[in-house]
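This report concerns only the one structure given below.
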Amino acid sequence: MGEVVGVDHIYLGEGESDFPEVCRKIIAGEKVPHVIRGAAVLGEAIPVNRKATIGGIVEIGRGCWRGCAFCSPAMRTLRHRPLEKILEDVRVNLIYGQKDIILHSEDFFSYGYCMGKPDEKKILELVTAVKQLHPKTIDVSHLSLASVHQSQGLLRAISEVVGVGSSQNHMSAWIGIETVSCRILEMHMPNKARPAKIGNWPEIVRDCYRLFAEESWLPVASLVLGLPGETAEDVIKTTDLVESLMDYTGLMLPLFFTTIADTKLGGRRGFAGEDALPEHWQLVGLCLEYNLRHLKKLHRLYRERMTAGPAVHAALKGINLMADIMLSKYMKRMKRGEPPN
Ligand code: SF4
């Protein structure tokens, strides 16, 4: 804060609580603070959408209890919407032309989380009820690898209810690997592997990738580079892990650490290209190689969720081929430990 950003007001927090009242005051010309912090609402108070959402996203809950130091959902209390509200949102999406549904939360397996483990009954009840509304496909937005590892049978049961391999060819989810340096995990993400120990994290990641492949789930993984205190040795550990996952289909997204206000690392400086060590560029280059290797297959698999005609698909194929040619020179540079340009 204190930065000049050229706007009159900044609203931080959830929109459903105080935002309408703030707007009313601004329109009425009443005095409103420069920075407004909106309160969180209860799960039951998250309203049903009026029309379809982008990608058919239906919120099932908010917040995360794992408390990673760089993450904003970690600052929100974990809460979930009642089943009927979720189904109402799915119905609205389907009525307004959406065919595919993505169930959104920070960790799908935390729906109804109680006594330190996923509530399998509640999660399967939710998936079954959504399936009975007949969307073309069902996906989940985010999954915690620790939760999946803890309840591997649940992931298999979800695949069966959704009909992976019969009604739809795959399911996908965004996952956070972030790093496999246990030292960095202990510093900034001490709850990442719970209920397992942090030391088991590399094994958890590998086991989950095996499970995803067996069950035709496509993981889109994020890695965080440049967390405070990270050394070349920490980065090499993550690079070794990515090497071991190269044959599993998915996407790998290396992100430079960015500070987010109000998080535990909010006061730290973000990580920039000029801070990157050769080992960081090698990891980014390897992730690019991984993504280029799987992009064509992903395009083929994602076709069932796309309404685009043959011309668009032909263009996308062309873009894929171009990406191979155009990006390979940057990939080679980075794999040598050099910046891309
Ligand atoms: S597990 Fe993911 S969502 Fe939860 S606090 Fe950590 S980074 Fe954030």
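Points worth noting:
- Taking residues in the stretch 116-130 that are outside the structural domain of Pro195 (by TED's automatic domain parsing), and partners anywhere that are in a loop (DSSP other than H, G, I, E, B), not one pair has Cβ atoms closer than 6 Å while being at least 6 places apart or on different chains.
- Unmet criterion (only one of (1) over 30 Å from Pro228 (Cα atoms); (2) in contact with a Pro (Cβ under 7 Å, 6 or more places away or on another chain); (3) surrounded by 15 or more Cβ atoms within 10 Å (Cβ to Cβ); (4) not small (Gly, Ala, Ser)) for Cys64: (1)
- Unique residue being surrounded by fewer than 19 Cβ atoms within 10 Å (Cβ to Cβ) and within 17 Å of the chain's Cα centre (by Cα) when the list is Met115, Met75: Met75
- Of all residues in the stretch 163-174, those that are under 14 Å from Gly250 (Cα atoms) have Cβ atoms under 8 Å from Cβ atoms of residues that are part of a loop (DSSP other than H, G, I, E, B) and of a type in the set (D, E, K, R), 6 or more apart or on another chain, in Met171/Glu215.
- Counted as qualifying within the stretch 72-168 are the helices (runs of 4 or more DSSP H) with 2 or more residues that are farther than 30 Å from Gly267 by Cβ, within 16 Å of the ligand (Cβ to nearest atom) and modelled with pLDDT of 95 or more, namely 145-150.
For every residue, the table says whether it meets (1) hydrophobic (A, V, I, L, M, F, W, C); (2) at pLDDT 95 or above; (3) out of contact with any Pro (no Cβ under 8 Å at 6 or more places or on another chain); (4) within 28 Å of Glu274 (Cα to Cα).
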residue: Ile177; (1), (2), (3), (4): yes, yes, yes, yes
residue: Asn191; (1), (2), (3), (4): no, yes, yes, no
residue: Glu214; (1), (2), (3), (4): no, yes, yes, no
residue: Gly229; (1), (2), (3), (4): no, yes, yes, yes
residue: Thr238; (1), (2), (3), (4): no, yes, yes, yes
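- Of the residues in the stretch 319-330, none is within 21 Å of Leu227 (Cβ to Cβ) and either polar (S, T, N, Q) or outside the structural domain of Leu223 (by TED's automatic domain parsing) (or both).
- Here is the figure for the stretch 133-155: residues that are farther than 30 Å from Leu255 by Cα and in contact with a Leu (Cβ under 9 Å, 6 or more places away or on another chain) total 3.
- Among the conditions (1) in contact with a strand residue (DSSP E or B) (Cβ under 7 Å, 6 or more places away or on another chain); (2) crowded, with 18+ Cβ neighbours inside 10 Å; (3) modelled with pLDDT under 95, the only one that Tyr290 does not satisfy is (3).
- Checked against (1) of a type in the set (A, V, I, L, M, F, W, C); (2) in a loop (DSSP other than H, G, I, E, B); (3) surrounded by fewer than 16 Cβ atoms within 10 Å (Cβ to Cβ), Ala69 passes all but a single condition, namely (3).
- Residues in the stretch 51-63 that are assigned to a loop (DSSP other than H, G, I, E, B) and either more than 27 Å from Leu133 (Cβ to Cβ) or more than 16 Å from the ligand (Cβ to nearest atom) (or both): Lys51, Ala52, Thr53.
- The set of residues from the stretch 178-225 being at positive phi and more than 16 Å from the ligand (Cβ to nearest atom) comprises just one member, Ser216.
- Hey, Val48 modelled with pLDDT of 95 or more and part of a loop (DSSP other than H, G, I, E, B) or not: yes
The values are calculated or read from the model by the stated rules, or taken from the named source; none is laboratory data. The structure displayed is predicted, hence computed values, not measured ones. Note that each Cβ is placed from the backbone with ideal geometry, even for glycine, and that neighbours are counted across all protein chains shown.
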